[in-house]
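The values are calculated or read from the model by the stated rules, or taken from the named source; none is laboratory data. Predicted model, so just to flag it, every value in this text is computed and none were measured. Cβ: placed from backbone, ideal geometry, glycine included. Neighbour counts: every protein chain shown. In case anyone asks, the SASA skips ligands and DNA or RNA and just uses the protein heavy atoms, side chains included. Shrake-Rupley method; radii C 1.70, N 1.55, O 1.52, S 1.80 Å.
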Amino acid sequence: MILLIDAGNTRIKIGWLDIATGRREDAALALRHVDVAELALRTKQLAFTPIAAIGVNVAGASVARDLAETLQRLHSLEIRWVHSGRMAGGITNAYEVPEQLGADRWVSMMGLARHTDEAAMLATFGTATTLDTLGPKDNEQGTRLFHGGLILPGPALMRSSLAAGTANLPEGNGEAVAFPIHTHQAIATGIAAAQAGALLRQWREGLERFGVPPMVYSAGGGWDMIEDEAQRLLTKARKDLGLAAEPIRWLPNPVLDGLASLAPELL
Ligand SMILES: Nc1ncnc2c1ncn2[C@@H]1O[C@H](COP(=O)(O)OP(=O)(O)O)[C@@H](O)[C@H]1O
Ligand SMILES: CC(C)(COP(=O)(O)O)[C@@H](O)C(=O)NCCC(=O)O
């Protein structure tokens, strides 16, 4: 079994792959950085001994070091860290400097490619929100292009930055509504509208570029804060354009899916 690691800025997600059968974890483990020691307890509960570990890390050197030390101590394993590049897993990276792209975003495009051959967008609501577009599989070689994408503060970061940067605003919670009538509602609605509005903007860019609407997939721990608003705005936009309804589809772990698809060529 191979451990799959996605170290994000808030949490580390860990799954596994049986390379012989393609079998994957039922549910990924999510740990905060400070709880990395819990990995010892959790991997001891696994019904197998991992023989390799591959991962991406956008959370800085100390998180990588903690993970590396923990897996070395527990299983004598070295983590094979994946970095962004110009091409991998049948996808070409349009970033001017490919190595600058977050490795989690890059590998998530390979995860997304497992779910559709159509032009698609992955909206990930983590610490940051990223809205990334993958072109269709439409040439003879079957290669695809990562067209680029947006970065904005994630829902929780928007909320905490409002509370930290103002004298009077709390950490706003609540439902998004058309016309907010108290502060919590005003903040929750503002954040949901900003996140869903950015998603919709990028979906329209995709529609113009491809001539067909990109499929939209979502991921990340902050999705539940904006799901209703995002689904509602996209449904309305599609209806206004005379397009059939097509909801945003949730992907629990596109980064781990991408690592799983890269594993055979990495190991
Ligand atoms: N138990 C939890 N601990 C921390 N964040 C959580 C938890 N449950 C949901 N969240 C939300 O998930 C977000 C982090 O999502 P995640 O996809 O793990 O991000 P990242 O990949 O940047 O670490 C947080 O900003 C928060 O809104
Ligand atoms: C955009 C990110 C901060 C997202 O990180 P996350 O929210 O998943 O922790 C990360 O992918 C990153 O540091 N990217 C480097 C810059 C770029 O992708 O252009």
Task: Values of log10 I(q)/I(0), in the order q = 0.17 Å⁻¹, for region 116-250 under a Debye, Cα-only, solvent-free model - done: -0.89
TODO: Sum -39500 (n - 2.57) across every DSSP H segment of at least 4 residues in the chain, then divide by the residue count to get the 222 nm mean residue ellipticity, nearest 500.
DONE: -12000 deg cm²/dmol
Task: Theoretical gain in end-to-end length, Glu171 to Ala61 [0.36 nm per residue, Cα-Cα removed] - done: 36.6 nm
Task: Rel. contact order, % - alpha carbon contacts under 8 angstrom, at least six apart, region 116-250 - done: 25
Open item on the list: Between region 164-198 and region 202-254, how far is it from one alpha carbon centroid to the other, in angstrom?
Closed with: 21
TODO: Enumerate the amide H contacts of Ile12 below 5 Å, restricted to partners 5 or more residues apart or on another chain; note that Pro and chain-start residues carry no placed amide H.
DONE: Leu31, Arg32, His33
Open item on the list: Modelling each spin label as a point 7 Å along the Cα-to-Cβ direction, I'd like the Arg249/Thr49 distance in nm, to one decimal.
Closed with: 3.9
Open item on the list: Counting only GluC sites (Glu not before Pro) that sit in a DSSP loop (anything but H, G, I, E, B) with at most 15 other Cβ atoms within 10 Å, what is the longest stretch of the chain containing none of them?
Closed with: 176-267
Task: Integer Hz, Karplus 6.51/-1.76/1.60 couplings in order for region 132-137, x for Gly and Pro - done: 10, 10, 10, x, x, 8
Open item on the list: Just to confirm, what accessible area per residue do you get for the chain at 1.4 Å probe, in whole Å²?
Closed with: 50
TODO: Obtain the radius of gyration and the Kirkwood radius of the chain from its C-alpha atoms and give Rg over Rh.
DONE: 0.99
Open item on the list: Over region 2-83, what is the relative contact order in percent, taking alpha-carbon pairs closer than 8 angstrom and at least six residues apart?
Closed with: 32
- [ ] Could you tell me the distance between the Cα centroids of region 1-43 and region 103-128, to the nearest Å?
- [x] 19
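Relative contact order for the chain using alpha-carbon pairs under 8 Å, separation at least 6, rounded to a whole percent? Working shown, then result.
On the way: 482 pairs, mean separation 47.5, N = 267.
Here the relative contact order equals 18 percent.
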- [ ] Please turn the phi angles of region 110-119 into ³J(HN,Hα) values with the Karplus equation 6.51 cos²θ - 1.76 cosθ + 1.60 (θ = phi - 60°), one per residue in order, whole Hz, x for glycine and proline.
- [x] 5, x, 4, 4, 6, 9, 7, 9, 7, 4
- [ ] Quantify, in whole percent, the carbon and sulfur part of the accessible surface of the chain (1.4 Å probe; protein heavy atoms only).
- [x] 51
- [ ] Multiply the residue separation of Leu266 and Glu78 by 0.36 nm, subtract the distance between their alpha-carbon atoms, and state the gained length in nm to one decimal.
- [x] 66.4 nm
Task: Relative counts (whole %) of C-alpha pair distances in region 2-83, using bins that are 10 Å wide - done: 18, 59, 22, 1
- [ ] List the longest stretch of the chain that has no exposed loop site; here a site is one of the trypsin sites (Lys or Arg not before Pro) assigned by DSSP to anything other than H, G, I, E or B, with at most 15 other Cβ within 10 Å.
- [x] 115-267
Task: For region 46-56, Karplus couplings with θ = phi - 60° (6.51, -1.76, 1.60), whole Hz, Gly/Pro x - done: 5, 7, 8, 9, x, 9, 7, 9, 10, x, 10
